[in-house]
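**Q** What follows is a single structure, and I will ask about it in a moment.
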Amino acid sequence: MAKLFKPISLLVTILLLPFQPLIRWVNRHPRLKFWLSILRLGLFQLGIGLSLAPITGTLNRVLIDELSISAAAVALLISMHYFVSPVRAVIGYRSDKSRSMGKWRTPYIVLGVMLTYGGLALAPFALILLGGNGVIPSGWL
């Protein structure tokens, strides 16, 4: 496994060579480095939000208008994402204080992204179950 990382590390080093003066300048300004790390974490959350926004809007319209499900129930399902966000803060704190699989945050981020996109992939099947008589047709699987 270590042999695999050597060429990747070398490639990253070569690609970062033109940015060395900028990296040194940012390292001399710790307050700027702090805010750039906050921006990096915020951009990750923005990416997750951008990927969930279209499917949320579509599910909202389909569930309420076409499947005649109560708007309160749909609002509850969509708002669960926001009710769970304090748990995300606790998981983030835990990932900062302890290691998992030898790394700090990476396993937690990968698991969260896999769960998010797994749920996103299963959402159409929930619509099929809600729209029909509760069974997925055998041709779909």
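The values are calculated or read from the model by the stated rules, or taken from the named source; none is laboratory data. Everything numeric in this text was worked out from a predicted model, so none of it was measured. So basically every Cβ, Gly included, is an ideal-geometry build from the backbone, and we count neighbours across all protein chains shown.
**Q** Restricting to region 38-84, what's the tally of residues that are under 16 Å from the mean Cα position of the chain (by Cα), surrounded by fewer than 11 Cβ atoms within 10 Å (Cβ to Cβ) and of a type in the set (Ser, Thr, Tyr)?
**A** So the count comes out to 1.
**Q** Which helices (runs of 4 or more DSSP H) does region 1-90 wholly contain that include 3 or more residues that are within 29 Å of Ile128 (Cα to Cα)?
**A** Details: elements: 2-16, 20-27, 30-61, 71-83.
Filter on region 1-90 gives 30-61, 71-83.
**Q** Kindly indicate which of Ile48, Ile14, Ile64, Ile69 is without any contact (Cβ under 8 Å) to a residue 12 or more places away in the chain and within 30 Å of Ala121 (Cβ to Cβ). Spell out the reasoning first.
**A** Values: Ile48 fails: without any contact (Cβ under 8 Å) to a residue 12 or more places away in the chain; Ile14 fails: within 30 Å of Ala121 (Cβ to Cβ); Ile69 fails: without any contact (Cβ under 8 Å) to a residue 12 or more places away in the chain.
Checking each option against the conditions leaves just Ile64.
**Q** Test Trp140 against the criterion of being surrounded by 10 or more Cβ atoms within 10 Å (Cβ to Cβ) and modelled with pLDDT under 75, and give yes or no. Reasoning before the result, please.
**A** Numbers: surrounded by 10 or more Cβ atoms within 10 Å (Cβ to Cβ): no; modelled with pLDDT under 75: yes.
When the stated conditions are applied, Trp140 does not pass them.
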